[in-house]
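**Student:** Below is the structure I would like to discuss, written out as structure tokens.
Every number in this text was worked out from the coordinates using simple rules, so none of it is lab data. In this text the structure is predicted, and so the values were computed from the model without any measurement. Here the Cβ positions follow ideal geometry from the backbone for every residue, glycine too, while neighbour counts run over all protein chains shown.
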Ligand code: NI
């Protein structure tokens with residue numbers, strides 16, 4: 001495809017209400033629209049049953065459930081990882097990537113970890129193909145009470161389950177995002193180290209296997225070096241859990257200017273990399 005190099009994008013802080021409500025949809029390889037919520041729910045229910053996953057409804061927002069799944073081993077010493085997707089409704093490759101991962105996993109990767117999954121946080125935004133939810137709120141802001149930010153309906157629900165989510169993410173958090181205006185991939189990561197470790201680099205490599213990496217410079221108002229925005233803090237879900245004590249977090253970004261199938265494949269590959277680099281089980 002023709003590549004469009006865009007170094008200037010709408011930064012999170014510059015997302016106007018109009019941009020947050022603009023609808024973005026793609027056609028999936030199976031012919032369904034990327035925002036087909038009932039198709040997503042049906043496929044998810046099938047996978048949950050087939051893989052024998054536990055499914056819990058954390059709450060309901062505008063009539064839509066916010067689902068949490070439990071997968072992997074119940075062995076208490078196994079690493080506890082949280083995977084979360086679909087905060088922004090115009091970034092559908094994340095939720096579909098989670099589904100593809102669950103559909104295809106043979107259990108080897110899962111057997112080593114206790115995995116909690118929020119497959120689709122912002123269902124109303126997903127259905128509409130819009131970044132913001134049906135209330136015009138950004139579901140990935142307002143977690144830390146920073147000036148000018150307040151939590152969305154989804155944020156309030158996740159904050160209400162803070163202890164549960166922190167426990168689920170204690171050995172790591174991966175959130176799946178997209179950057180609709182970009183042709184280049186990158187990741188945000190935070191670790192309790194001065195430099196990105198193998199954790200960040202393995203996620204980056206999985207993204208770079210599918211797309212060119214963002215050149216060094218500024219992305220979304222942040223300094224990006226070697227494809228990584230490192231130890232950046234804001235009012236996001238990721239920063240909240242990192243500040244509350246998660247061992248490490250990453251927020252991966254696939255570029256929306258590439259075909260949706262490629263973006264879904266990249267998201268799945270990054271989820272697999274996230275599980276593969278989990279710390280060894282503690283006895
Ligand atoms: Ni996003």
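**Student:** Given Cα pairs under 8 Å that are at least 6 residues apart, what percent is the relative contact order of the stretch 94-159?
**Tutor:** Normalised by residue count, the contact order of the stretch 94-159 is 19 percent.
**Student:** Report the label-to-label distance for residue 73 and residue 42 in nanometres (one decimal), using points 7 Å from each Cα along the Cα→Cβ vector.
**Tutor:** About 3.7 nm separates the two model spin labels.
**Student:** How many angstrom lie between the Cα centre of the stretch 112-138 and the Cα centre of the stretch 65-111?
**Tutor:** Cα centres, the stretch 112-138 to the stretch 65-111: 13 Å.
**Student:** If each DSSP helix of 4+ residues adds -39,500 (n - 2.57) and the sum is divided by the residues in the chain, what number results at 222 nm, nearest 500 deg cm²/dmol?
**Tutor:** -9000 deg cm²/dmol
**Student:** Counting pairs of alpha carbon atoms under 8 Å apart in space and at least six apart in sequence, what relative contact order in percent does the stretch 179-228 give?
**Tutor:** 41
**Student:** Let me ask something additional. What FRET efficiency comes out for residue 244 versus residue 25 if R0 is 41 angstrom and r is the Cβ-Cβ distance? Round to the nearest 0.05.
**Tutor:** The calculated FRET efficiency here is 0.75.
**Student:** Please sort 141-148, 95-102, 233-240 by packing, taking for each peptide the average over its residues of neighbouring beta carbons within 10 angstrom, highest first.
**Tutor:** Order by mean packing, descending: 95-102, 233-240, 141-148.
**Student:** Next up: Suppose each label sits 7 Å from its Cα in the direction of the beta carbon; what would the residue 209-residue 181 distance come out to in nanometres?
**Tutor:** For the pair residue 209/residue 181, the computed spacing is 3.1 nm.
**Student:** May I pose another question? Over the stretch 16-276, what is the mean sequence separation of C-alpha contacts under 8 Å (at least six apart), divided by residue count, expressed as relative contact order in percent?
**Tutor:** Over the stretch 16-276, the number comes to 22 percent.
**Student:** With the Cα gyration tensor of the stretch 53-162 in hand, convert its eigenvalues to equivalent ellipsoid semi-axes via √(5λ) and list them largest first in whole Å.
**Tutor:** Whole-Å semi-axes of the equivalent ellipsoid: 26, 16, 12.
**Student:** Report the semi-axes of the equivalent ellipsoid for the stretch 93-156 in whole Å, largest first, where each axis is √(5λ) for an eigenvalue λ of the Cα gyration tensor.
**Tutor:** Gyration-tensor ellipsoid for the stretch 93-156: 29, 16, 7 Å.
**Student:** Next up: Starting from the Cα of residue 104, step 7 Å along the direction of its Cβ; do the same at residue 32; then give the gap between the two resulting points in nm.
**Tutor:** 1.7
**Student:** Let me know the volume per residue of the alpha-carbon convex hull for the stretch 16-276, in Å³.
**Tutor:** Output value, Cα hull per residue: 118 Å³.
**Student:** Further question: So what are the three principal axis dimensions of the stretch 42-93 from its Cα atoms, in whole Å, longest to shortest?
**Tutor:** 36, 23, 21
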